[in-house]
Structure formats: structure tokens, C-alpha cells
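A.B. asks: Here it is, the structure, as C-alpha cells.
The values are calculated or read from the model by the stated rules, or taken from the named source; none is laboratory data. All values derive from a computational prediction rather than experimental measurement. All Cβ positions, glycine included, derive from the backbone under ideal geometry; neighbour counts span all protein chains shown. Remember, those area values only see protein heavy atoms, side chains included, never the ligands or the DNA or RNA. Shrake-Rupley method; radii C 1.70, N 1.55, O 1.52, S 1.80 Å.
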Amino acid sequence: MASSNHVAMVETEFDRVLHDRLLRTVFQPIVSVESGAVVGYEGLIRGPAGSVLESPEALIKEAYRESRIVELDWIARASASRAALAADLGPNDLLFLNIEPVALASSCPPDLWPEIEGAFDRFRVVLEVTERSLDRDPRTLFKGIDRQRPTVYGLALDDVGADVRTMSMLPVIRPDIIKLDLKVTHTSPSAKAMKILHFVYEEVERTGATILAEGVETKRHHDVVRALGAPLAQGWLYGKPTDHPTPAHEHEAHMSHLADLALEEVPTPFEVLGRRKISRASADVLLALAHEIFHHGLHLLPPALVVMLVPRAELLTPHALRVLSRLARREIVTGVVGAGVPPEPAPGVRGSWEHDPALDGEYAVIAISPSTAVAVLARRADSTDSEFEFGVIHDRQPIVCAARCLLRKLGPQPARG
């Protein structure tokens, strides 16, 4: 009885917080590791002081429990925008705002838009995508990134290193700023921290993204992140969250934050082959090539992702499903797209619910990890699925483009209503 009363009380309080727009925002400084100067702030939400929902963790937990996370996300964004406009922040200061992946593709409630628009016009807004549910609904994630990216100064991926599946998505999301989880700062130079950094360094080299280290609480932490080469950092050593932020001290560094995002978006995976040499073979040969990739896939170490496209469900062999499920159990992101493929074709494997005619007649197997990039890409050569034009490539950039194409089709069916 006491438990049900507590749940009802939390629900009532949560409804009050959202309905009356009672969220508040505090700001934590983000600094240049080299100079120590403040270059911007992250807006952090809080509930009413003294409330059972004062902490951001409590707010987010209840929002997910009640399936109201999108509503909370927009109200939080408006709260941060309003507070930033009211504070003594300078024009063009960096302003980091957290956003849940599931809210990326949603529309702003009309009453909240004026404050959000005002902040986006005044400040250099960086949307900080949290790691929660990042890999569960790639379709909504990419749809949202497409929608939001042109409207903001940059995109940051938060808590990189906290969840290996989040790291698997890093090559295909290509954020402008990579925020290292505080565990990397606190545990370096442990083997686990170095593994995370090795992967991050590869992405920085490929894309030009900027590293931001979180959780800097001591002089030792500062020395660690400086040695790791992180240009930006945040943590209590540089300043606790405050209601009264002051204007940033440096703006020159802002110009170097944006990653090289020159990725071609393609309607189908086969398109990335371009003018590469294309062979012709039977379906049996394609399945044998896929079998070889799956064989090597069993030796993949996370972070990694393996995605498939099949022209018909019959070409999704039991062997392929077993391998994909085994990879999923090892926290490798796996998925299958194609006509007739169920939402979860095997335990832990993401499926597709919406048929895209543009993909009809194509077959693909794609694997990406820090040390591996390989794809078999094929297109039906006749109406019987007996022969396919195909190519096998190891060039990472077009493979990432092909993977992004398929990931845009993966995810649960949207709730009706």
C-alpha cells in the first residue's frame, strides 16, 4: 500500500512539474584545458528545490516510466533556453543542451518555441545526445539528427565509454564533439580507459571531432585529461553548476570544434559502389561470401556493428540469425532490414517494420569495428533472385555511408495514438 501511495505521489508531482513548467536550469562551465578559460556552459536541469523530483535522475526515470520523456525533453530545453537568455551570457557563447535520442525527431510544443528560438539565435547551441537508448531506435535517431543538425552549431555525443553499444554507433553518428565519460577521466591509465581512448582517437583522426573530458574534480584529473590531449573539459575543479554564469572568456577555440562531416547519403547501400568493379554471381555465391564475413564477425570485439539487408526473408539464413544473435549477446549492435523481416528476427537483433521499395532486390552484409570495415553489396540482376551484381569493399567511408542507410530503417514501430 505504501509503495502504491508513493508511486501515485510521484506521478502527481511529475504532472505538476510539467504542467506548471517548474523545471529550473543551472550551468556548469566548460573550459579550455590548455588555458583554463571558460569557453561555454552546459545547461543542467533540476526539479523544484526540496521536491522528490529535484534531481535530474529522478525526473528522467519518471519520464521514461510514464512514457513522457519527449514532453520532459522539450520543457527542459525551453527551461535552459529561458535561463540562458536571462543570465549574463554573451552572444555566440557555446551553450550545451542535453537531448534524449527519442526526442530528436519530435516537434516543439508551440508555447515553448519562442524561448528556444531566442536562445538558438543568440548562442552557439550544441545539442548533447545522451547515451540512453542510443542504439535501440536508430531510425528515429537518424531522422532526428537530420532534422536538428542544420539548426544548431554542433552535435555532441555524451558519456562515451559508459556503454560499449553507444561507442558502436560513434562512427555512423559522427558527432562534432565527443564527451568522454567521467570513468575515463577517473580510471586512466587503466586498460579499459585506454581501449576507449584508442577508439576515440581513431574517430577524431577520421572526422576532426573535438574531445571533451567530463568529471574533472581534482588537479590530478586535470593533468590526466591534458596528457590525453582533450582540448575541452568540465568538472567541479573548474566550477560547480551555478545559477549565475558569466560570459565566456574565449571564442577563438569555437571555430575548430566542428567535425568534417562530408559523408554522402545514399538511397541504397549498392549506390556506394559507384564506379568500382562489379561482378556477377548466383545467390549461393553471395551467401558463401556472407558466411565468410559472419565467420570473421564471430571474432569481432565491441564496439562494433553488423547489419544486413535481404531482398526476401528466405535469404536470411538460420546460420546468419544465430551469428547475429551471438554477436548481440556480446553487446555488438546488430540488425536486419528487408521485406518480411520481423521487428526482432532473433534475440537481441533489431529488425525493420516499414517496407522501403527503394531497397527491393538488394542484398548487403556490413561489418564495422575499430579495426574492421567490410561489406558485401549486391543488387538483383534478374527477376528470379538467381543472379546478383555485387562488389566486396573495405573502404571505410563508403561502408559507413551504406551502414547509415540501413540503420535509418531499423527501430521499433512508432506507438499509435
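A.B. asks: Give me the pairs: first residue in the stretch 195-217 and in a helix (DSSP H, G or I), second residue open to solvent by 40 Å² or more (accessible area, probe 1.4 Å) and at pLDDT below 90, beta-carbon distance under 6 Å, and six or more apart or on different chains, which are they?
C.D. replies: Final answer for the pair search is Thr207/Asp260.
A.B. asks: Tally time: how many residues in the stretch 20-47 are open to solvent by less than 20 Å² (accessible area, probe 1.4 Å) and either out of contact with any strand residue (DSSP E or B) (no Cβ under 6 Å at 6 or more places or on another chain) or among the basic types (Lys, Arg) (or both)?
C.D. replies: Count: 2.
A.B. asks: Any chance you could count how many residues in the stretch 1-16 are open to solvent by less than 70 Å² (accessible area, probe 1.4 Å) and in contact with an Asp or Glu (Cβ under 9 Å, 6 or more places away or on another chain)?
C.D. replies: Filtering the stretch 1-16 for residues open to solvent by less than 70 Å² (accessible area, probe 1.4 Å) gives 4, 7-8, 10, 13-14.
Add one more test, that the residue is in contact with an Asp or Glu (Cβ under 9 Å, 6 or more places away or on another chain), and what stays is 10, 13-14.
Matching residues across the stretch 1-16 total 3.
A.B. asks: Is it the case that the stretch 404-416 has a residue that's of a type in the set (D, E, K, R), open to solvent by 60 Å² or more (accessible area, probe 1.4 Å), part of a loop (DSSP other than H, G, I, E, B) and more than 22 Å from Asp163 (Cβ to Cβ)? If you could, list the steps in order and put the result at the bottom.
C.D. replies: Filtering the stretch 404-416 down to residues of a type in the set (D, E, K, R) leaves 404, 408-409, 416.
Narrowing further to those that are open to solvent by 60 Å² or more (accessible area, probe 1.4 Å): 416.
So of that shortlist, the ones also part of a loop (DSSP other than H, G, I, E, B) come out as 416.
When the remaining residues are screened for being more than 22 Å from Asp163 (Cβ to Cβ), the result is 416.
Yes, because at least one residue in the stretch 404-416 is of a type in the set (D, E, K, R), open to solvent by 60 Å² or more (accessible area, probe 1.4 Å), part of a loop (DSSP other than H, G, I, E, B) and more than 22 Å from Asp163 (Cβ to Cβ).
A.B. asks: Can you find even one residue in the stretch 72-79 that is at pLDDT 95 or above, over 27 Å from Pro91 (Cβ atoms) and under 26 Å from the mean Cα position of the chain (by Cα)?
C.D. replies: Taking every residue of the stretch 72-79 in turn, at least one turns out to be at pLDDT 95 or above, over 27 Å from Pro91 (Cβ atoms) and under 26 Å from the mean Cα position of the chain (by Cα).
A.B. asks: Further question on the same structure: Of all residues in the stretch 22-52, which are closer than 19 Å to Val129 by Cβ and among the small types (Gly, Ala, Ser)?
C.D. replies: Within the stretch 22-52, Gly40, Gly43 qualify.
A.B. asks: Hey, another quick one. Inspect all residues belonging to the stretch 251-260 and state whether any of them is surrounded by 15 or more Cβ atoms within 10 Å (Cβ to Cβ) and at pLDDT 90 or above.
C.D. replies: Of the stretch 251-260, the ones surrounded by 15 or more Cβ atoms within 10 Å (Cβ to Cβ) are 251, 253-254, 257-259.
Then drop every residue that is not at pLDDT 90 or above, which leaves none.
For the stretch 251-260, residues surrounded by 15 or more Cβ atoms within 10 Å (Cβ to Cβ) and at pLDDT 90 or above: absent.
A.B. asks: Can you name every residue in the stretch 132-164 that is acidic (Asp, Glu) and in a loop (DSSP other than H, G, I, E, B)?
C.D. replies: As a first pass, look at the stretch 132-164 and keep what is acidic (Asp, Glu): 135, 137, 146, 158-159, 163.
Asp135, Asp137, Asp163, listed by residue number.
A.B. asks: I'd like to check something: does the stretch 141-156 contain any residue that is open to solvent by 10 Å² or more (accessible area, probe 1.4 Å) and at pLDDT below 85?
C.D. replies: no
A.B. asks: Can you report the number of residues in the stretch 366-382 which are more than 22 Å from the chain's Cα centre (by Cα) and outside any strand (DSSP E or B)?
C.D. replies: 2
A.B. asks: In addition: Got a sec? Which strands (runs of 3 or more DSSP E) wholly within the stretch 274-365 have at least 3 residues that are of a type in the set (Val, Ile, Thr)? Working first, answer last.
C.D. replies: Numbers: elements: 279-282, 305-310, 333-338.
Once the strands (runs of 3 or more DSSP E) in the stretch 274-365 are filtered for at least 3 residues that are of a type in the set (Val, Ile, Thr), what remains is 305-310, 333-338.
A.B. asks: I need the full set of residues from the stretch 163-184 which are open to solvent by 50 Å² or more (accessible area, probe 1.4 Å) and over 17 Å from Arg226 (Cβ atoms), in order please. Let's see the steps before the verdict.
C.D. replies: Of the residues in the stretch 163-184, the ones open to solvent by 50 Å² or more (accessible area, probe 1.4 Å) are 165, 182-183.
Listed by number, the residues that qualify are Arg165, Lys183.
A.B. asks: Would you check if Arg276 is within 30 Å of Thr210 (Cα to Cα), open to solvent by 20 Å² or more (accessible area, probe 1.4 Å) and touching a residue at least 24 places away in the same chain (Cβ under 8 Å)? Write out each step before concluding.
C.D. replies: Values: within 30 Å of Thr210 (Cα to Cα): no; open to solvent by 20 Å² or more (accessible area, probe 1.4 Å): yes; touching a residue at least 24 places away in the same chain (Cβ under 8 Å): yes.
Here the answer is no, as Arg276 does not meet what is asked.
A.B. asks: Mind listing whichever residues of the stretch 165-184 are over 12 Å from the mean Cα position of the chain (by Cα) and assigned to a helix (DSSP H, G or I)? Steps first, please.
C.D. replies: Start the filter on the stretch 165-184 by keeping residues that are over 12 Å from the mean Cα position of the chain (by Cα), which leaves 180-184.
Listed by number, the residues that qualify are Leu182, Lys183, Val184.
A.B. asks: Looking only at the stretch 322-365, how many residues end up being open to solvent by less than 40 Å² (accessible area, probe 1.4 Å), more than 20 Å from Phe388 (Cβ to Cβ) and over 21 Å from the mean Cα position of the chain (by Cα)?
C.D. replies: Looking only at that region, the number is 5.
A.B. asks: Right, next: Which residues, counting only those in the stretch 271-289, are of a type outside the set (A, V, I, L, M) and in contact with a Gly (Cβ under 8 Å, 6 or more places away or on another chain)?
C.D. replies: Of the residues in the stretch 271-289, the ones of a type outside the set (A, V, I, L, M) are 271, 274-277, 279-280, 282, 284.
Scanning the stretch 271-289 gives Arg276, Lys277, Ser279.
A.B. asks: Among the residues of the stretch 185-194, how many are of a type outside the set (S, T, N, Q), assigned to a helix (DSSP H, G or I) and open to solvent by 20 Å² or more (accessible area, probe 1.4 Å)?
C.D. replies: In the first step, residues of the stretch 185-194 are kept if they are of a type outside the set (S, T, N, Q); the result is 186, 189, 191-194.
With the extra rule that they be assigned to a helix (DSSP H, G or I), the set shrinks to 186, 191-194.
From the residues that got through so far, the ones that are open to solvent by 20 Å² or more (accessible area, probe 1.4 Å) too are 186, 191-192, 194.
Of the residues in the stretch 185-194, 4 are of a type outside the set (S, T, N, Q), assigned to a helix (DSSP H, G or I) and open to solvent by 20 Å² or more (accessible area, probe 1.4 Å).
A.B. asks: Then there is this: Given the condition of a type outside the set (Ser, Thr, Tyr), within 18 Å of Ile30 (Cβ to Cβ) and either in contact (Cβ under 8 Å) with a residue 40 or more places away in the chain or open to solvent by less than 50 Å² (accessible area, probe 1.4 Å) (or both), answer yes or no: does some residue in the stretch 98-105 qualify? I'd like the intermediate steps shown before the answer.
C.D. replies: Taking the stretch 98-105 first, the residues of a type outside the set (Ser, Thr, Tyr) are 98-105.
Among the residues that remain, those that are also within 18 Å of Ile30 (Cβ to Cβ) are: 98-99.
The next check asks that each one be either in contact (Cβ under 8 Å) with a residue 40 or more places away in the chain or open to solvent by less than 50 Å² (accessible area, probe 1.4 Å) (or both); those that pass are 98-99.
For the stretch 98-105, residues of a type outside the set (Ser, Thr, Tyr), within 18 Å of Ile30 (Cβ to Cβ) and either in contact (Cβ under 8 Å) with a residue 40 or more places away in the chain or open to solvent by less than 50 Å² (accessible area, probe 1.4 Å) (or both): present.
Listed here are the residues, each with its yes/no results for (1) in a loop (DSSP other than H, G, I, E, B); (2) at pLDDT 95 or above; (3) out of contact with any Gly (no Cβ under 6 Å at 6 or more places or on another chain); (4) among the charged types (D, E, K, R).
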{"residue": "Ser4", "(1), (2), (3), (4)": "no, no, yes, no"}
{"residue": "Ala8", "(1), (2), (3), (4)": "no, no, yes, no"}
{"residue": "Phe14", "(1), (2), (3), (4)": "no, yes, yes, no"}
{"residue": "Arg21", "(1), (2), (3), (4)": "yes, no, yes, yes"}
{"residue": "Thr25", "(1), (2), (3), (4)": "no, yes, no, no"}
{"residue": "Pro29", "(1), (2), (3), (4)": "no, yes, no, no"}
{"residue": "Gly40", "(1), (2), (3), (4)": "no, no, yes, no"}
{"residue": "Leu44", "(1), (2), (3), (4)": "no, yes, yes, no"}
